[in-house]
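Q: Dumping the structure here so I can ask a few things about it.
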Amino acid sequence: MTVAWVFPGQGSQKIGMANEIINLPNAKDRFKYASKVFERDLFEICEQVAEKNNLDEDLNNTKNTQICLFLVESVLLDSLKENGFKPNYIAGHSLGEITALYCADVLSFEDSVLLIKERSKLMADAAKGSMAALIGFDRSQLDLLVEEIDDLVIANDNSDSQVVLSGSEKALDNISQRITCKRFLKLNVSGAFHSPFMKEPSIKFSKYLDNVEFKQPNTPVISNSNPLLSIDPDELKARLKNQMCNGVRWRETMNLMAKSSNLHIVEIGPSNVLGGLGKRHLKEVKISQVSSSGQINY
C-alpha cells in the first residue's frame, strides 16, 4: 500500500484544536516556544473566541491561524513517527506545504516557526484584492471566464467541482454574475492570496528564504506550485518561493497520487478538508484522519 500524508492549510482551524493534542510529547514546549517567538499566547488563542475589539487574538487572523495549525500538525506527525508510522510521500495545501517540509526534515522546527511568522505577517499585511470559493461549475466555462476577465486567477484548484478564485473585487463581482454554479461565496480574507496580487510580499518572502537552509528530504514532497515528487532541497526551496504568487494545484496533486497503487491518504490536522476532497475526487482510495491524541494510528 502507498501511504501519502497530507497537511491542510487555512480554513481547517477549529476552536479548541490545541486541547486535542496538548498531552502529546513536546506539545506544551512547542506552544511555549512559538508563543515566545510570536509574543502572544498561542494555546489560549486556539481555545477561545476572541472579542470583536481584539482581533489580534482571533484564531482566524492569518497571523495566528498559520502558526497554530502548524503547531497542531507538527505535534501529530511527530507522534505518528514515534509510533512507527511513516509515509511514502508527503504533500501540504498552502501553509501545509511548510508542515510537509518540516515532516521531511527539510526544515527544522525552529526554522519553520520563524518562516511562518514572516509568511503570515506578509500575507496579513497584503491588503489587495480578495478571494471567493466556487462550487459546482462547468470547468470549460470557468477557464474561459478566468482568461477573459482581468485581475482574476484560480488560486486554489482543489478539485473538479471546487476552486478558490483570487482577484480584484471588481473581477470577482464580474464572474459571480456570469458563471453558472451551485455556490459562489466571498471569503473573509485580507488579500488575494496565491495570485499576482501577492507579488510584493512574494519578493520579500523569497529574499527571506534565501537565508534559510533547506536540508535533504528523507521523503519525497509534492509542492503546490509544481505538483511533482521531489527530493531536491534547492528545487523545493524554489517551489516554495513560487507558492505565494501562484495557485495551489491540489487537483493535480490528487491526480498524481491516483497513479499510486493501493493509495491510502492520511490527513494530519484538525479537520477533514483534504480527506473530503480526496473522497469526492478519487476512486478506490482509503482515507484516514489523524486529529487528536486519541488517533495516533490509522
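The values are calculated or read from the model by the stated rules, or taken from the named source; none is laboratory data. For clarity, every value in this text was computed on a predicted model and none was experimentally measured. Cβ sites come from the backbone with ideal geometry, for glycine too, and all protein chains shown count toward neighbours.
Q: Yes or no: the range 69-89 includes at least one residue that is in the same structural domain as C245 (by TED's automatic domain parsing), of a type in the set (S, T, Y) and in a helix (DSSP H, G or I).
A: Yes, some residue in the range 69-89 is in the same structural domain as C245 (by TED's automatic domain parsing), of a type in the set (S, T, Y) and in a helix (DSSP H, G or I).
Q: A further question follows. Within the range 169-213, work out how many residues are of a type in the set (V, I, T) and either within 10 Å of M244 (Cβ to Cβ) or touching an Asp or Glu at 6+ places or on another chain (Cβ under 7 Å) (or both).
A: Residues that pass the stated criteria total 3.
Q: Within the range 25-57, track down each residue that is aliphatic (A, V, I, L, M) and either at positive phi or modelled with pLDDT of 95 or more (or both).
A: Passing the criteria: A27, A34, V37, L42.
Q: How do the helices (runs of 4 or more DSSP H) wholly within the range 135-231 filter down when requiring 2 or more residues that are assigned by TED's automatic domain parsing to the domain that holds F7: which remain?
A: Qualifying helices (runs of 4 or more DSSP H): 199-209.
Q: Could I ask something else about it? Is it the case that S271 is out of contact with any Lys or Arg (no Cβ under 8 Å at 6 or more places or on another chain) and hydroxyl-bearing (S, T, Y)?
A: No; evaluated as a whole, the condition is false for this residue.
Q: Is it true that N297 is farther than 16 Å from N156 by Cβ and surrounded by fewer than 22 Cβ atoms within 10 Å (Cβ to Cβ)?
A: Taking the combined requirement at face value, the residue satisfies it.
Q: Can we say L107 is assigned to a loop (DSSP other than H, G, I, E, B), touching a residue at least 12 places away in the same chain (Cβ under 8 Å) and crowded, with 23+ Cβ neighbours inside 10 Å?
A: Answer is yes for this residue.
Q: I've got another one for you. Show the residue pairs that are 6+ apart or on different chains and have beta-carbon atoms under 9 Å apart, the first residue being within the range 4-25 and in the same structural domain as Y89 (by TED's automatic domain parsing) and crowded, with 16+ Cβ neighbours inside 10 Å, the second being among the basic types (K, R) and not in a loop (DSSP other than H, G, I, E, B).
A: I22/K28
Q: Can you pull out the residues in the range 76-100 that are touching a Lys or Arg at 6+ places or on another chain (Cβ under 9 Å) and either aromatic (F, W, Y) or crowded, with 23+ Cβ neighbours inside 10 Å (or both)?
A: L95, E97, I98
Q: Scan the range 264-275 residue by residue and report those that are touching an Asp or Glu at 6+ places or on another chain (Cβ under 9 Å) and surrounded by fewer than 21 Cβ atoms within 10 Å (Cβ to Cβ).
A: As a first pass, look at the range 264-275 and keep what is touching an Asp or Glu at 6+ places or on another chain (Cβ under 9 Å): 268-270, 273-275.
Across the range 264-275, the qualifying residues are V273, G275.
Q: Still on this model: Just to verify a result, which residue in the range 232-256, among those that are out of contact with any strand residue (DSSP E or B) (no Cβ under 8 Å at 6 or more places or on another chain) and part of a loop (DSSP other than H, G, I, E, B), is surrounded by the fewest Cβ atoms within 10 Å (Cβ to Cβ)?
A: Selected residue: D232.
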